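Q: Dropping the structure in here first, questions after.
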Amino acid sequence: MSARRLLVLNGPNLRRLGTREPDVYGAATFDDLEALCRDTARRLDLTAEVRQTDDEAELVRWVHEAADEQLPIVLNPAAFTHYSYALRDALAQRTAPLVEVHISNPAAREEFRHTSVVASVATGTIAGFGLMSYVLAIQAVAEMLTVQNRTHATP
Ligand code: DQA
């Protein structure tokens, strides 16, 4: 059986990791993040496609693609987390697990970051562990897919 596909989607400003507010987001670059996600996924027999966009419409299109192809998503919506109802409505159509991730812990930051319009349509959220948030999220997806397969397996 070929490795199961997983989309790791990233919203605005995340390609600037490494130079963007390193005191908050760390020194690792987006390339480092991509390599970490792909390696983590590979070890769990998943193939991760890591994408980033600053464009809400493009992100919504990727979410539609995932819904149509029943692909699990690890999503860092970045600032869209806090106000994008378009993204939230797209994610509500999901047909596979969705893990919301954040590098920082938005609950411990400014007031406007305390609201996630995405959280209620996600399977769950992992935040505050730096890039390790993505590792934990990919592990959670792998675990959920294993449980699903076991449940649907014919005896
Ligand atoms: C973020 C947190 C958001 O509040 C912020 O807008 C981001 C990054 C994080 O990963 O910690 O761009 O999603």
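The values are calculated or read from the model by the stated rules, or taken from the named source; none is laboratory data. Bear in mind that the values here come from a model prediction, so they are computed numbers and not experimental data. For neighbour counting, all protein chains shown are included, and Cβ atoms are generated from backbone atoms with ideal geometry for every residue, glycine included. What goes into the accessible areas is simple: the full protein's heavy atoms, side chains included, and nothing from ligands, DNA or RNA. Shrake-Rupley method; radii C 1.70, N 1.55, O 1.52, S 1.80 Å.
Q: For the stretch 58-139, how big is the tail of P(r) above 15 Å, as a whole percent of Cα pairs?
A: Roughly 52 percent, once rounded to a whole number.
Q: Enumerate the amide H contacts of R5 below 5 Å, restricted to partners 5 or more residues apart or on another chain; note that Pro and chain-start residues carry no placed amide H.
A: Amide H to amide H, under 5 Å and 5 or more residues apart or across chains, R5 pairs with T47.
Q: Next up: Can you pull the three principal axis extents for the Cα set of the chain, in Å, largest first?
A: Per principal axis, max minus min of the Cα coordinates gives 51, 30, 26 Å.
Q: Related question: Using +1 at the C-beta of Lys and Arg and -1 at the C-beta of Asp and Glu, which of L145, S84, G11 has the Cα lying farthest in the positive direction of the dipole of the stretch 4-151?
A: Toward the positive end, the furthest listed residue is L145.
Q: Next up: Based on DSSP H runs of at least 4 residues, each adding -39500 (n - 2.57), what is the mean residue ellipticity at 222 nm of the chain after dividing by all its residues, to the nearest 500 deg cm²/dmol?
A: When only DSSP H runs of four or more count, the value is -12000 deg cm²/dmol.
Q: Just the number, please: carbon plus sulfur as a percent of the accessible area of the stretch 4-151, 1.4 Å probe, no ligands or DNA/RNA counted.
A: 49
Q: I've got another one for you. Can you give the accessible area per residue of the chain, in Å², using a 1.4 Å probe?
A: 51
Q: A further question follows. With a cut-off of 8 Å between alpha carbons and a minimum separation of six or more residues, what is the relative contact order of the chain in percent?
A: RCO, the chain: 24 percent.
Q: Over what distance in Å are the Cα centres of the stretch 86-155 and the stretch 1-34 separated?
A: 15
Q: Could you give me the ³J(HN,Hα) list for the stretch 35-52, computed from phi with Karplus coefficients 6.51, -1.76, 1.60 and θ = phi - 60°, whole Hz, x at Gly and Pro?
A: Once θ is set to phi - 60°, the couplings for the stretch 35-52 become 4, 4, 5, 5, 5, 4, 4, 4, 5, 9, 6, 10, 10, 9, 9, 9, 10, 9 Hz.
Q: Scan around Y83 for amide H atoms under 5 Å from its own, H built in the peptide plane at 1.01 Å from N, and keep only partners 5 or more places away or cross-chain.
A: So Y83 has HN proximity to V117.
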